[in-house]
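Here the structure comes first, spelled out in C-alpha cells, and everything after it is commentary.
The values are calculated or read from the model by the stated rules, or taken from the named source; none is laboratory data. Predicted model only: the values in this text are computed from it and were never measured. In this analysis, Cβ positions are derived from the backbone assuming ideal geometry, glycine residues included, and neighbour counts consider all displayed protein chains. The area values use the complete protein model at the heavy-atom level, side chains included, leaving out ligands, DNA and RNA. Shrake-Rupley method; radii C 1.70, N 1.55, O 1.52, S 1.80 Å.
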Amino acid sequence: SPQWVKQLAPSGSMLVPLRHVGANPLVRAWREGGEVIGSVVGSSGFMAIQGKLWDEHYLDFSQPRRNGVEDERSVWPELATAKSLQNVRESNQSRTAFWFFLGLRDRRTRLFRWFSSFGLEDKPSGRTARLEADRLVGDPILLDELDGLYREWRALGAPDIRRFRLRFVPAHSSDVAA
C-alpha cells in the first residue's frame with residue numbers, strides 16, 4: 001500500500017505478507033535511495049479480504065480441466081518430492097524456489113494444490129503444465145515452455161527464494177513488469 005510506504009521511516013523496514021502465485025511469502029521491505037526494496041525472509045498466512053474487494057480466485061486450488069492430450073514426463077530430479085525424511089527439506093526448498101521464480105517470470109503460474117502441484121495454466125484454453133510430486137503432466141507445448149523456464153532458472157544457479165531482491169513500484173508506473 002502506498003500508505004505503508006509513506007509511514008516507513010528512512011532507516012526503517014516493514015514485514016509484508018505479499019500475495020504471490022497463490023501463497024504469501026513474508027517480505028522485509030526497506031528504503032534504498034528513492035526506491036522501496038525487499039527480500040523474502042519467510043512464509044506467512046494471510047486472511048483474504050472480505051466484502052467488495054473479495055477475490056474469488058484467492059483460494060483457488062481447483063483442479064485443471066482436461067482439455068486435449070496430456071503428456072507425462074519425468075520430473076527434474078532435484079524437484080521430485082523426497083522419499084526420505086532427510087531429503088524433504090532440500091526438496092521443498094528447491095520446489096519453493098522454482099515456484100517463486102516461475103511466478104516472477106510467467107503470469108500464467110498458479111498453484112493447483114498447496115505446493116504439491118504448481119505450474120502454468122493458459123486460462124482461455126484451459127491447458128496446463130503441472131509439476132506434480134513425481135512427474136510433469138500436461139499439454140506438450142506448455143510442458144516444453146515449463147522446461148525452458150526450468151532451464152532458465154538452473155542457468156541462473158537455481159537461486160533460492162531468499163536470494164531474490166524485489167523492487168516495489170506503484171501499480172500505475174511504467175516500470176511494472178508486463
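On a 1.4 Å probe surface of the protein chains, which of Asp144, Asp71 comes out largest in accessible area, and what is the full order?
Working: Asp144 90, Asp71 50 Å².
Sorted by accessible area, descending: Asp144, Asp71.
Stretched out fully, how many nm does the piece from Val5 to Ile37 gain, at 0.36 nm a residue minus the Cα gap?
Working: separation 32, 0.36 × 32 = 11.52 nm, distance 1.09 nm.
Taking Val5 through Ile37 to full extension adds about 10.4 nm, to one decimal.
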Farthest towards the positive end of the dipole of the range 106-176, among Ala133, Val169, Ser117 and with Cβ unit charges of +1 on Lys and Arg and -1 on Asp and Glu, lies the Cα of Val169
